[in-house]
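Chemist: Sharing a structure here in structure tokens format.
The values are calculated or read from the model by the stated rules, or taken from the named source; none is laboratory data. Here the structure is a predicted model, which means the values were calculated and not measured. No Cβ is skipped: glycine too gets one built from the backbone with ideal geometry, and neighbour counts run over all protein chains shown. Heavy atoms of the whole protein, side chains included, go into the accessibility calculation; ligands, DNA and RNA do not. Shrake-Rupley method; radii C 1.70, N 1.55, O 1.52, S 1.80 Å.
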Amino acid sequence: MTGLVVKSTGSWYVVRLPDGSLRAARLRGKFRALKLRVSNPVAVGDRVALLAETDAPDAPMVITGIEPRHNYLIRRSVHRAGQRHILAANIDQALLLVTLVSPATSLGFVDRFLVSAEAYGIPVTLLFNKVDEYTPEMEAVQQELAALYAPLGYGSVRASALAGGAAVAEVRALLAGRVSLLAGHSGVGKSTLVNALIPGVEAQTAEISAFSDKGVHTTTAAELYAVAATSDLIDTPGIKELGVVDIGEAELSHYFPEMRALLNTCRYHNCRHTHEPGCAVQAAVEAGSIAPSRYQSYLSILEDEDNRR
């Protein structure tokens, strides 16, 4: 039997079976996925092989294997030095909540998230949330940011969970037929938006929490909700900072679409785009075809600095 992992609660998991029912499941023995140094070998969104511990109808399940992932989103673990944490697996798209009101989302955080998603082939749409609170000045900034990211392949949607109506309907339409990951800083309104997008989500949460009481709890983790028969939404905990991992200096610029377009046009094949003569990227920044904020994000990631502008 196979199942879909909808939540991790430490040593126990909640899985959704093919009939839609939820069951508690645990790992058998020492389990390592894909030989990654990760704090969570099984992630929300994983499809797993299962065996029932007993013949009882509601018996807990044992996870015996993971089906191959077509992608995943990973970050540096905030609790275990030298390890990584998989936010979620098998994602069709990511929706990144951006706010211009408290708490304002930094462009550095946006760019780090986009780089991580690019590295694993995950399309991203920016959700400008809380637009009902925008001043005229904020409206102008939002339009500038949408214009900055649109040519790079990142669309944007204006949303307001509190306003409801069309502001929520457009977001809901994005979810149809897909597994979507919702991410953003703490306080950007993810929970309110999830409640507006999924009627009865409190009931789903209560049902999942009944299984989550088993085992030892860890930090709040991602959770997958059924939006419709063919649509799932993975809600992630608020991210304070996003540590980019497993991307070398030589390939970092490949995950900036505007820099990738200039691949092999620098004078030196191993150009890091920082100080080298004949650098096409630096020339593009000076010419205004690459945004200074994007270039600063590139430099901060290259130097492994926290970039919360």
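Chemist: Within 10 Å, count the other beta carbons around each residue, average over each peptide in 278-288, 88-98, and list them highest first.
Modeler: In descending order of packing, they fall as 88-98, 278-288.
Chemist: Need the full-extension length gain, residue 2 to residue 263, defined as separation in residues times 0.36 nm minus the C-alpha distance. One decimal, nm.
Modeler: Numbers: separation 261, 0.36 × 261 = 93.96 nm, distance 4.27 nm.
Extending this stretch completely gives an extra 89.7 nm.
Chemist: Just read off the accessible area of residue 156 with the full protein assembly in place, 1.4 Å probe, to the nearest 10 Å².
Modeler: Its accessible surface works out to 50 Å², give or take rounding.
Chemist: Compute the Cα gyration tensor for region 1-150, then decide on rounded, prolate or oblate, letting a ≥ b ≥ c be the square roots of its eigenvalues: rounded whenever a/c is under 1.5, prolate when a/b is larger than b/c in the other cases, and oblate in all that remain. Please report the intermediate quantities before stating the final value.
Modeler: Values: a/c = 2.81, a/b = 2.15, b/c = 1.31.
Since a/c reaches 1.5 and a/b is larger than b/c, the shape of region 1-150 is classed as prolate.
Chemist: Could you state the angle between the C-alpha long axis of helix 201-212 and the longest principal axis of the C-alpha atoms of the chain, as a value from 0 to 90 degrees rounded to the nearest 10?
Modeler: Computed tilt is about 60 degrees.
Chemist: Let me ask something else about it. Determine the distance separating the Cα centre of region 139-192 from the Cα centre of region 240-282; give it in Å without decimals.
Modeler: Centre-to-centre (Cα) distance: 28 Å.
Chemist: At q = 0.07, 0.08, 0.12 Å⁻¹, what base-10 log of I(q)/I(0) does the Debye formula yield for the chain when every alpha carbon is treated as an equal point scatterer in vacuo?
Modeler: -0.30, -0.39, -0.84
Chemist: Also, I was wondering about something else. Using a 1.4 angstrom probe on the protein heavy atoms only, could you order 236, 135, 54, 230 from most to least accessible area? Please report the intermediate quantities before stating the final value.
Modeler: Working: 236 5, 135 55, 54 75, 230 100 Å².
Highest to lowest solvent-accessible surface, that is 230, 54, 135, 236.
Chemist: Would you rank 70, 254, 269 by solvent-accessible area, highest first, keeping every protein chain in place and using a 1.4 Å probe?
Modeler: The ordering from most to least exposed comes out as 269, 70, 254.
Chemist: Using a 1.4 Å probe, what is the accessible area per residue for the chain, in Å²? Present the calculation step by step, with values, prior to reporting the outcome.
Modeler: Numbers: 14340 Å² over 309 residues.
Accessible area per residue, the chain: 46 Å².
Chemist: Ordered by packing density, taken as the mean number of other Cβ atoms within 10 Å over each peptide's residues, highest first, how do 106-115, 191-200 rank?
Modeler: Descending mean neighbour count gives 106-115, 191-200.
Chemist: Additional query: Specify the angular offset, from 0 to 90 degrees and rounded to the nearest 10, of the alpha carbon long axis of helix 292-302 from the longest principal axis of the alpha carbons in the chain.
Modeler: Between the helix axis and the principal axis of the chain, the angle is about 60 degrees.
Chemist: Percent antiparallel among DSSP beta bridges with both residues in the chain, to the nearest 5? Intermediate values should be presented prior to the final figure.
Modeler: Values: 28 of 48 bridges.
Once the DSSP bridges in the chain are tallied, antiparallel ones form about 60 percent.
Chemist: Right, here's the next one. Give me the accessible area of residue 120, 1.4 Å probe, in Å² rounded to the nearest 10.
Modeler: 50 Å²
Chemist: Here's something else I'd like to know. Could you order 47, 158 by accessible surface area, starting with the largest, using a probe radius of 1.4 Å?
Modeler: Most to least solvent-accessible, the answer reads 47, 158.
Chemist: When the helices in the chain are scored as -39500 (n - 2.57) per DSSP H run of 4 or longer and the sum is shared across all residues, what 222 nm value do you end up with, to the nearest 500 deg cm²/dmol?
Modeler: The per-residue figure over the chain is -8000 deg cm²/dmol.
Chemist: Moving to a separate point now. Would you mind putting 296-302, 149-155, 245-251 in packing order, based on average other-beta-carbon counts within 10 Å, highest first?
Modeler: Ranked by mean Cβ neighbours within 10 Å, highest first: 296-302, 149-155, 245-251.
Chemist: What percent do you get for the relative contact order of the chain when only Cα pairs under 8 Å and 6+ apart count?
Modeler: Taking the mean separation of contacting Cα pairs over the length of the chain, I get 18 percent.
Chemist: Under the rule that a partner needs its Cβ under 4.7 Å from the first Cβ, which Cys of the chain have none?
Modeler: 279
Chemist: What accessible area, in Å² to the nearest ten, does a 1.4 Å probe give for residue 138?
Modeler: 50 Å²
Chemist: If the viscosity is 1.306 mPa s and the temperature 10 °C, what Stokes-Einstein diffusion coefficient in µm²/s follows for region 131-188 when Rh is the Kirkwood radius over Cα pairs?
Modeler: Numbers: Rh = 13.1 Å.
The calculation lands on 121 µm²/s.
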